[in-house]
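Colleague: Pasting a structure below so you can have a look.
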Amino acid sequence: MTADPKTSARFEELKARMEALKNAPPLEKARTFLSTYCAPNSTLADVEDQVRHALGFNSIPLYTGIEGLEAVLADTRLPSSTLVSLARDEAKRQELPATPVAARQYLEQVLGVLRKHLPKEPEVEGVAGFGVDDVYNLRDPAGKLERLRCIDMVGVGNESFAVLVPEHASEDKGPFTVYRYQAVPGQPFKYDRVTDAGLAAKVLKASRS
């Protein structure tokens, strides 16, 4: 059974639109969400219904909507007239007073609807590269996922190591976990947990010196 070329073309077009939306500036993300989800709906309850419906098949415009609205509302350099335009023109809320205060209040209510229904995006497991003060989801020897914070990166011999502690643990008291890593340009980042107690002790000594 061959795929319908029209269906495939529509899918590719949708995929391209979603990629473009993910890479769009925050203001464009906010505009797109407001014109798509708020303009056709007369009340926040209707917006909420459409958001719930969209969660079932394509949540990308919702996540980009959150990103855009959060950035716009936090941007102190944004002209107040832009907020008014977003609420009255993009969201079609002509009944709102044409003031920045009324516009901000409405946009914050929309953001609240999105936050209510969208779970935080799942955090990635593993490491794409160690960095001091960064937190990673890594599995312990028993296979249990734990959050570890990198507190140092040192070289011992010709090898590189990262020293980590549980996310909220003391940098002085640990407990410490040591990872050997290898970063070669053009190749996938390689890392493995050090299980040799003697080697781990050498790394910790180098880290403290």
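Colleague: Most fluctuating residue of Gln187, Gln109, Gln50 in a GNM of the chain with Cα springs under 10 Å: which is it?
Modeller: Among Gln187, Gln109, Gln50, the largest GNM mean-square fluctuation belongs to Gln187.
Colleague: Can you work out ³J(HN,Hα) from phi for every residue in the stretch 146-161, in order, using Karplus 6.51 cos²θ - 1.76 cosθ + 1.60 and θ = phi - 60°, giving whole Hz and x for Gly and Pro?
Modeller: Calculated HN-Hα couplings, in order: 9, 9, 10, 9, 7, 10, 6, 9, 9, x, 10, x, 9, 10, 10, 9 Hz.
Colleague: Based on the alpha-carbon gyration tensor of the stretch 5-117, what equivalent-ellipsoid semi-axes (square roots of 5 times the eigenvalues) come out, in whole Å, largest first?
Modeller: The three semi-axes for the stretch 5-117 are 25, 16, 12 Å.
Colleague: If we count other beta carbons within 10 Å of each Cβ, what is the order of Phe189, Phe161, fewest first?
Modeller: Phe189, Phe161
Colleague: Something else about it: So for Leu83, Leu145, Leu204, fewest C-beta neighbours within 10 Å to most, what's the order?
Modeller: Leu145, Leu204, Leu83
Colleague: Which value does Rg/Rh take for the chain over its C-alpha atoms, Rh per Kirkwood?
Modeller: Radius of gyration relative to Kirkwood radius: 1.15.
Colleague: Can you list the residues, at least 5 places off or on another chain, whose amide H is less than 5 Å from the amide H of Ser160, using H built in the peptide plane?
Modeller: Result for Ser160 returns Tyr181.
Colleague: Between the stretch 67-92 and the stretch 138-190, what is the C-alpha centre distance in whole Å?
Modeller: Computed from Cα coordinates, the inter-centre distance equals 42 Å.
Colleague: Under a plain spin-label model, where a point goes 7 Å from the Cα along Cα-to-Cβ, how far apart in nm are Lys15 and Glu146?
Modeller: In this crude spin-label approximation the distance works out to 4.0 nm.
Colleague: Go through the stretch 114-209 and name the GluC sites (Glu not before Pro) that are in a DSSP coil and have 13 or fewer other Cβ atoms within 10 Å of their Cβ.
Modeller: Glu123, Glu167, Glu171
Colleague: May I pose another question? Return the inverse of the average 1/r over all pairs of distinct C-alpha atoms in the stretch 135-208, which is the Kirkwood hydrodynamic radius, in Å to one decimal.
Modeller: 12.8
Colleague: Report the full-extension gain for the segment Glu159 to Asp49: residue separation times 0.36 nm, less the Cα-Cα distance, to one decimal in nm. Mind dumping the intermediate values first?
Modeller: On the way: separation 110, 0.36 × 110 = 39.60 nm, distance 5.53 nm.
Here the segment from Glu159 to Asp49 would lengthen by 34.1 nm.
Colleague: Separate question: Using only Cα atoms, find the angle between the long axis of helix 100-117 and the longest principal axis of the chain, and express it within 0 to 90 degrees, rounded to the nearest 10.
Modeller: That works out to roughly 60 degrees.
Colleague: At 0.36 nm per residue, and after removing the present C-alpha to C-alpha distance, how many nm does the segment from Ala197 to Glu70 gain when stretched out fully?
Modeller: 41.1 nm
Colleague: Calculate the FRET efficiency for Asp133 and Asn41 from the Cβ-Cβ distance with a Förster distance of 41 Å, rounded to the nearest 0.05.
Modeller: 0.45
Colleague: I would also like to ask the following. Given a Förster distance of 30 Å, report the FRET efficiency between Phe189 and Ser85 from their Cβ-Cβ distance, rounded to the nearest 0.05.
Modeller: 0.10
Read-outs throughout are calculated quantities, based only on the coordinates presented, and are distinct from any laboratory measurement. Bear in mind the structure is a predicted one, so any value in this text is a computation, not a measurement. Note: ideal-geometry Cβ built from the backbone for every residue, glycine included; neighbour counts use all protein chains shown.
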